[in-house]
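The values are calculated or read from the model by the stated rules, or taken from the named source; none is laboratory data. Remember, predicted model here, so these are calculated numbers, not experimental data. As a convention, Cβ positions derive from the backbone with ideal geometry for all residues, glycine included, and neighbour counts pool all protein chains shown. Please note that ligands, DNA and RNA were not included when accessible areas were found on the heavy atoms of the full protein model with its side chains. Shrake-Rupley method; radii C 1.70, N 1.55, O 1.52, S 1.80 Å.
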Amino acid sequence: MNADERRFAVLRAIVADYVATQEPVGSKAIVDRHNLGVSSATVRNDMAVLEDDGLIAQPHTSAGRIPTDKGYRQFVDRISQVKPLSAAEKRAVQTFLDGAVDLDDVLRRSVRLLAQLTRQVAVVQYPTLTRSTVRHLEVVQLTPARLMLVLITDSGRVDQRVVDLGDVLDDAALARVREILGNALNGRRLAEASVAVAELPETGPDDLRVPLTQLATVLIETLVEHPEERMVLGGTGNLTRGHADFPGSLRQVLEALEEQVVVMRLLAASQESGLVTVRIGEENESEDLRTASVVTIGYGAGTPLGGMGVVGPTRMDYPGTISAVHAVARYVGEILAGR
């Protein structure tokens with residue numbers, strides 16, 4: 001290999017050893033542990049060039065070297081092959097997620113899985129409602145004057161609302177109401193469905209104007225996106241166990257994770273399904289996360305429904321973390337598409 005390839009091999013060795021041991025890496029260790037086919041002197045020269053380029057740093061006098069944020073970035077950008085999950089891990093992920101009973105359970109299980117697989121903090125955003133489509137509206141007659149509306153979206157979200165009409169609806173009128181609401185809602189994005197439902201009191205039959213007005217009011221409240229987006233967070237204890245990776249800054253990282261708006265902004269940036277984004281240290285907009293790395297991805301078959309990812313130290317197993325985030329996102333997208 002040429003000099004540039006060899007220096008990257010040295011950088012890759014430093015990253016791998018430092019992630020594994022949390023100890024600065026010296027030239028002798030690289031020669032002993034990695035089959036580079038060169039002498040310690042050549043490795044020392046390469047390390048000097050890498051240090052001049054700002055890719056590694058010397059934390060203490062007479063110590064080995066550790067990667068910098070810039071070094072991690074070059075390593076991540078040149079990962080040619082993401083470490084795949086083992087067959088056993090894939091089966092475990094699929095079996096665990098397939099056992100979920102509803103959307104809430106899917107997301108809770110996803111967070112637990114990501115935290116366990118990566119040993120980092122995992123976070124999953126609930127499906128963004130504006131991207132969801134109405135799959136079905138069920139109208140259940142509880143009493144002749146009381147209906148329950150069950151709205152189901154393609155993201156697996158289920159909303160139930162009970163409406164007291166005041167007046168009795170006979171079977172024929174109820175069948176017409178079901179058809180009118182179904183035509184206005186089914187297969188439409190939530191924003192479009194909201195507009196269509198709002199027009200029903202004016203466009204619907206005169207004899208059904210009163211119940212349609214009541215039902216439309218409740219449905220619009222259900223369809224309009226909630227201002228507070230929701231997310232699920234798990235594995236915070238993983239950070240506290242690795243507090244040495246955040247000298248003097250662990251509290252700031254934990255506080256940033258508690259600030260939902262900070263995390264939601266990170267996940268909102270994951271707009272493309274299947275595309276993993278890695279932000280390392282200083283690349284994070286939030287000052288409190290400047291000592292952390294954030295690995296995120298959009299999930300959902302085709303159009304992304306939301307984002308998920310992990311937050312951990314810059315001393316992270318990037319290939320393994322990227323693989324786990326990608327795999328869990330793919331399984332979650334498939335599960336939600338099939339519901």
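Taking 41 Å as R0, compute the FRET efficiency from the Cβ-Cβ separation of Ile220 and Ala244 and round it to 0.05. The calculated FRET efficiency here is 0.20. For segment 182-339, the spherically averaged projection of the C-alpha convex hull amounts to 11.3 nm². GNM remark for the chain: springs join alpha carbons under 10 Å apart, and the peak mean-square fluctuation among Leu305, Leu185, Leu208 falls on Leu208. On the chain, 49 percent of the accessible area sits on carbon and sulfur atoms, based on a 1.4 Å probe. Calculation over all alpha carbon pairs of the chain in 20 angstrom steps from 0 returns a P(r) of 27, 42, 21, 8, 1 percent. For Lys70, the aspartates and glutamates whose Cα falls under 13 Å of its own Cα, not counting residues fewer than eight places away in the same chain, are Glu51, Asp52, Asp53, Glu282, Glu283. List the aspartates and glutamates whose alpha-carbon lies under 15 Å from that of Lys90, not counting same-chain residues fewer than 8 positions away? By straight Cα distance, Lys90 reaches Asp98, Glu334. Peptides 154-166, 189-201, 91-103 ranked from most to least packed by the mean count of surrounding Cβ atoms within 10 Å: 189-201, 154-166, 91-103.
For the chain, modelled as a GNM whose springs connect Cα atoms under 10 angstrom apart, the maximal fluctuation among Ala20, Ala301, Ala172 occurs at Ala172. Computed over every Cα-Cα pair of segment 59-155 and binned at 5 Å starting from 0, the pair-distance distribution P(r) comes out as 2, 9, 10, 12, 13, 12, 12, 9, 6, 4, 3, 2, 2, 1, 1, 0, 0 percent.
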